[in-house]
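What follows is one structure encoded as structure tokens, with my remarks underneath.
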Amino acid sequence: MKIIGIVPLLLAYLLISCSIAFLPAGSRLRRILHTKNTSFFSRMMLSLLGVNVHIEREGLTTLSSGSLIVSNHTSYIDILVIASLTPAVFITSVELGSTLFLGMLARFGGSLFVERRKPFGLKREIAMIARAIAEGFTVVLFPEGTTSNGERIQPFKKSLFDAAVMAGVDIRPICLRYTKINGGALTVHNRGCVFYYGGDTFFRHFPKFSLLKSVDVVVIPLKSIKVPEHASRKELALAAHAAISSAYDNPLNV
């Protein structure tokens, strides 16, 4: 059973992450070590879970330092997939950060936490993200703001796109497409084993996922979106949404 391998792997990750957290080093160095540690263990976890990652086009692992990746989002597995390809800092919600288990994992991954429900701290959060990019981190944004059932790309929340403008970097959209489950087609009938939506909880969903023999996911790095000075975050969000939606092309079968 996979659980026999998952438990010791997770314990090893937590032990190393705790050691990094208590290092007498600056926050930037600790975040670097956390992201590299997470990237290493993500590759091991995906292999153990039977997740096969296919890169349709080269380029994701050769990103220049200080980048903003924008991706669609259907499952917590998305985080492992992207992290396995490049050490990255993920933007997530303070709600998740306050949960006992997933919040701890997010902190050990070096995540940046934002309050999606209240706009009063938005400028500070945008500055925090821009600072991480300026420090050389690859930052990942899931602008749908939540996971979905995979039928289409949800509208993008545009506010955090201002971080790319502030940091003066282009946006790198990528598209994640889950294509097979146990060697067969991904359909509306079996998607719930992979996609994380509809009020499901992690502790109900993950056992279903771990019972799968294999899952295939295609990563499609897309053309960078230029971010001129004083660019409109609305236009940037629409451009990223259009690019990812075009590449996604609804892979679900009825």
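Please treat every number below as a calculation from the coordinates, not as lab data. No experiment lies behind these values; they were computed from the predicted model shown. Please note: Cβ atoms are built from the backbone with ideal geometry, for glycine as well, and neighbour counts cover all protein chains shown.
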Do any residues in the range 108-125 that are closer than 13 Å to Ser98 by Cβ have Cβ atoms under 7 Å from those of residues that are surrounded by 12 or more Cβ atoms within 10 Å (Cβ to Cβ) and of a type in the set (Phe, Trp, Tyr), where the two are at least six apart or on different chains, and which pairs are they? Ser111/Phe90
How about the range 188-214: which of its residues are closer than 19 Å to Val81 by Cβ and outside any loop (DSSP other than H, G, I, E, B)? Arg191, Gly192, Cys193, Phe202, His205, Phe206, Lys208, Phe209, Ser210
Verdict on Arg116 being touching a strand residue (DSSP E or B) at 6+ places or on another chain (Cβ under 7 Å), within 27 Å of Ala242 (Cα to Cα) and in a strand (DSSP E or B): no
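Conditions tested, residue by residue: (1) surrounded by fewer than 19 Cβ atoms within 10 Å (Cβ to Cβ); (2) acidic (Asp, Glu); (3) over 15 Å from the mean Cα position of the chain (by Cα).
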site: Phe101; (1), (2), (3): yes, no, yes
site: Phe108; (1), (2), (3): no, no, no
site: Phe120; (1), (2), (3): yes, no, yes
site: Val140; (1), (2), (3): no, no, no
site: Ser148; (1), (2), (3): yes, no, no
Among the residues of the range 77-84, are any closer than 30 Å to Ile3 by Cβ, among the polar types (S, T, N, Q) and touching a helix residue (DSSP H, G or I) at 6+ places or on another chain (Cβ under 8 Å)? yes
I'd like to know if the range 8-19 contains one or more residues that are touching a Gly at 6+ places or on another chain (Cβ under 8 Å), among the small types (Gly, Ala, Ser) and free of Cβ contacts under 8 Å to residues at least 24 places away in the same chain. no
Checking Lys234 against (1) part of a loop (DSSP other than H, G, I, E, B); (2) charged (D, E, K, R); (3) touching a residue at least 40 places away in the same chain (Cβ under 8 Å), only one condition comes out false. Which one? (1)
Which one of Arg107, Arg43, Arg30, Arg116 is charged (D, E, K, R) and closer than 26 Å to Leu186 by Cα? Arg43
Scan the range 166-187 and give yes if some residue there is in contact with a helix residue (DSSP H, G or I) (Cβ under 6 Å, 6 or more places away or on another chain) and either exposed (fewer than 14 other Cβ atoms within 10 Å of the Cβ) or farther than 21 Å from Pro87 by Cα (or both), otherwise no. yes
So if I check each of Ile79, Ile126, which one is buried (at least 21 other Cβ atoms within 10 Å of the Cβ) and over 23 Å from Leu238 (Cβ atoms)? Ile79
Across (1) of a type in the set (D, E, K, R); (2) surrounded by fewer than 20 Cβ atoms within 10 Å (Cβ to Cβ); (3) farther than 20 Å from Ile77 by Cβ, Asp162 clears everything bar (2)
